[in-house]
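Values quoted throughout were computed directly from the atomic coordinates according to the rules given, and no laboratory measurement underlies them. In this text, all values refer to a predicted model and were calculated from it rather than measured experimentally. Glycine gets a Cβ as well: all are built from the backbone with ideal geometry, and neighbour counts include every protein chain shown.
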Amino acid sequence: MNETGEAFLAFAEEAPPEEIGKLFNELQKDFFQHEEKLKVFFSVIPFPKNVRTFEHLDFALQQKLLEIAPLSLTSALLNELSPDDRTRLFSEVPKETLAKWLSMLSVQERKDALKLLEYPPESIGRLMTTDYIAVRPEWTCEKTIKFIRDFGLNSETINFIYVVDKDNKLIDDLKIREILLADPETTIGDLVDHRFVSLEATSDQEKSIPIFMETDRFALPVTDFNGKLLGIVTTDDVLDVIEREDTEDIQKLGGSEALDEPYLDIRLSGLVKKRAGWLIILFLGEMLTASAMSFFENEISSAVVLALFIPLIISSGGNSGSQAATIITRALALGEVSKADWTKVLKREIVSGLMLGLILGGIGFLRVLLWSTLFDAYGAYSVKIAATIGCSLLGVVLWGTLSGSMLPIFLKSLGFDPAVSSAPFVATIVDVTGIIIYFSMAFIFLKGTLL
């Protein structure tokens with residue numbers, strides 16, 4: 001082994017699995033060019049650290065390693081992976097690869113893997129692991145502790161011990177310290193208070209996020225509709241869900257479909273396809289703005305000065321709408337606002353929209369008067385033009401704020417993702433209505449003068 005290999009061997013013996021995995025991910029490009037190096041470097045990581053290291057590798061690197069590794073190593077990795085991590089890996093591979101890998105599992109591991117893969121892709125069942133400690137209520141604490149010593153090594157966590165009846169129905173979950181500190185002859189049933197929180201396996205993964213945040217738990221039990229214990233979900237898996245959902249929402253808020261894979265991994269054609277759809281919709285929407293302007297063609301030709309302020313008016317409305325849409329969409333995601341709160345949101349946004357509109361409208365009004373005083377820019381009707389701009393900004397900002405705040409709630413009530421009410425989408429809606437508001441104000445203030 002050369003000096004580089006010896007240095008890595010020393011590093012692999014001392015460093016924790018997450019640090020080794022991070023190094024492998026940083027060297028991913030080099031490993032894909034030199035597959036033999038990947039095989040050699042991974043082979044020197046001692047067991048079982050190599051399994052924990054494998055769990056910290058990027059998916060592409062995991063797949064490549066399983067392709068080039070000896071069958072014995074591939075089989076060992078797949079059998080020793082925690083059920084939730086293995087399910088995530090199996091969910092991303094083609095059917096022929098899945099069949100090959102399933103054949104390498106032991107009978108029990110294959111049974112567990114197939115059971116977890118039966119759940120819908122976005123369900124909590126896909127996140128859970130079947131490695132947990134379950135005990136019976138009639139057991140004593142002494143017997144329970146012995147059971148934990150015998151079988152706890154392979155458990156995902158022993159912070160919580162799950163109490164089940166003879167039909168495997170969940171009765172309670174107990175903190176390990178409750179058992180350790182109790183009298184050895186005390187039965188588990190004496191410690192049970194039936195106060196527990198569980199997740200349902202078929203529920204959407206997003207529903208687990210607020211429950212974990214409210215309970216502040218490291219792990220939660222997962223049951224079927226009859227209350228039978230199926231597995232547990234841990235916070236590390238929920239953090240992955242949070243990251244994925246936040247990424248999707250941010251991408252949607254930017255006016256794009258959510259990317260299903262990392263930016264540098266997605267094919268260019270796929271990237272264009274994800275972005276083109278919404279751009280076309282927004283483009284067609286902006287064409288309505290041109291149609292609205294053509295409707296006021298005579299007014300524009302009669303008072304060319306009005307055209308100078310069109311970008312100012314519609315951008316102010318779009319900006320206020322984008323702000324409101326982003327704030328309310330995030331509030332919905334965090335559970336701070338629900339569909340039932342729409343009247344409260346409406347009242348608050350009316351007040352804030354009026355205040356913001358008065359601020360921008362006042363600035364616009366003063367700007368026109370100042371330019372007129374300094375440069376004689378707008379002639380004898382500068383005050384009326386200033387009033388037109390000021391009142392238009394008030395109306396457009398108010399409308400933008402209301403549109404941006406109500407659209408996410410409306411979409412949520414219809415069962416759609418509120419993030420679809422992206423900032424560009426709201427801005428497009430407000431652009432069209434902004435033109436109408438602007439020239440309506442111009443007709444009110446300038447009729448009989450410039451118009």
Practice task
Return the percentage of antiparallel bridges among DSSP beta bridges fully within region 134-241, rounded to the nearest 5 %.
Solution key: 75 percent
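Could you rank the peptides 221-227, 183-189 by their average count of other C-beta atoms within 10 Å per residue, with the highest value first? Can you show the working numbers first?
Values: 221-227: 16.7, 183-189: 14.4.
Sorting 221-227, 183-189 by mean packing, highest first, produces 221-227, 183-189.
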Completion exercise
Rounded to the nearest 0.05, FRET efficiency between ALA377 and LEU288 (Cβ-Cβ, R0 35 Å) equals 0.70
Completion exercise
With label points set 7 Å from each Cα along the Cα-to-Cβ direction at PHE295 and LEU414, the distance between them in nm comes to 2.1 nm
Handout entry: Residue-span extension gain [LEU279 to ASN25] - 0.36 nm each, minus C-alpha spacing
Key = 88.0 nm
Fill in the blank from the handout: Quick calc, ILE436 & ALA340: beta-carbon distance into FRET formula, R0 35 Å, rounding 0.05, result 0.65
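Per 0.36 nm of contour for each residue apart, how much would the distance between LEU354 and PHE32 grow if the chain were fully extended, relative to their Cα-Cα spacing?
Contour length minus Cα-Cα distance gives 110.1 nm.
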Handout entry: At q = 0.06 Å⁻¹, base-10 log of I(q)/I(0) for the chain (Debye sum, equal scatterers on each alpha carbon)
Key = -0.44
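Please state the relative contact order of region 16-169 as a whole percent: Cα pairs under 8 Å, 6+ residues apart? Each step should come with its number before you reach the end.
Details: 126 pairs, mean separation 27.2, N = 154.
After rounding, I find 18 percent.
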Problem - 0 to 90° range, to nearest 10: angle between helix 235-253 axis and the chain longest Cα axis - result: 20 degrees
Exercise for the section: May I ask you to derive the FRET efficiency for ILE158 and LEU117 from their Cβ-Cβ distance with R0 = 35 Å, giving the value to the nearest 0.05? Expected result: 0.85
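Report relative contact order for the chain in percent, whole number only (criteria: Cα-Cα under 8 Å, sequence separation at least 6). Write out the running numbers ahead of the final one.
Working: 607 pairs, mean separation 52.0, N = 451.
With pairs under 8 Å counted, the relative contact order is 12 percent.
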Handout entry: Listed peptides 352-360, 368-376 by packing density, highest first (mean Cβ within 10 Å)
Key = 352-360, 368-376
Completion exercise
Non-local residues with an amide H under 5 Å from the amide H of LEU230, with H modelled 1.01 Å from N and Pro and chain starts lacking one, are VAL222, THR223, ASP224
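By how many nm would the segment from GLU248 to GLU13 lengthen if fully extended, with 0.36 nm per residue of separation less the alpha-carbon distance? Numbers along the way, then the final one.
Numbers: separation 235, 0.36 × 235 = 84.60 nm, distance 3.82 nm.
In short, 80.8 nm is gained.
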